[in-house]
Structure formats: C-alpha cells, structure tokens
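One structure below.
The values are calculated or read from the model by the stated rules, or taken from the named source; none is laboratory data. This is a predicted model, so every value here is computed, not measured. We work out accessible area using only protein heavy atoms, side chains counted, and drop any ligands, DNA or RNA first. Shrake-Rupley method; radii C 1.70, N 1.55, O 1.52, S 1.80 Å.
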Amino acid sequence: MQAQVAREWVTYRQAEEITGLSRTTLRKLVDEGEIQIRRVGRAVRINRESLDTYMRGDTEDGATSPDARTE
C-alpha cells in the first residue's frame with residue numbers, strides 16, 4: 001500500500017486531475033484571483049488550499065457562495 005502525499009503546491013496538470021477542470025478554466029480562475037499561484041522561474045504552481053476552498057464554494061467570510069451546488 002502506497003501513502004498519498006498531499007502537496008501544498010500543485011502543477012496545472014495535477015490541478016486538472018484533482019478538480020476535473022480544464023487548464024483554460026484554471027487559468028481563468030487564476031486571472032480572476034479565485035485561486036492563488038506562485039511563479040518559480042517559468043514554472044507555475046497552484047496553491048492547493050486556495051483550489052480546495054474554491055471547489056468547496058467557500059467565500060472569504062466562511063459562508064457558502066450562492067452558486068455552490070449541494071447534492
């Protein structure tokens with residue numbers, strides 16, 4: 001059995017796999033300030049916590065955004 005390591009910063013490809021969103025959508029979210037990135041040279045890393053927060057639909061005040069869908 002292999003342990004999963006949760007990384008604090010992920011690549012676009014990893015973010016695509018985690019969320020099921022396209023790279024285009026992820027870039028749009030970055031441009032809109034919805035998720036945080038860090039550039040290291042030419043490499044770009046996406047902050048996993050900001051990505052998870054966006055996917056949960058959380059807002060800055062801790063409430064769920066109105067467009068978040070519940071099952």
List every residue whose amide H lies under 5 Å from the amide H of THR11, counting only residues 5 or more places away in sequence or on a different chain, with H placed 1.01 Å from N in the peptide plane.
ILE46
Roughly speaking, to the nearest percent, how much of the stretch 11-56's 1.4 Å accessible area is carbon and sulfur?
40 percent
Which residues qualify? For GLN36, with a placed amide H closer than 5 Å and at least 5 residues away or on another chain, they are ASN47, SER50, LEU51
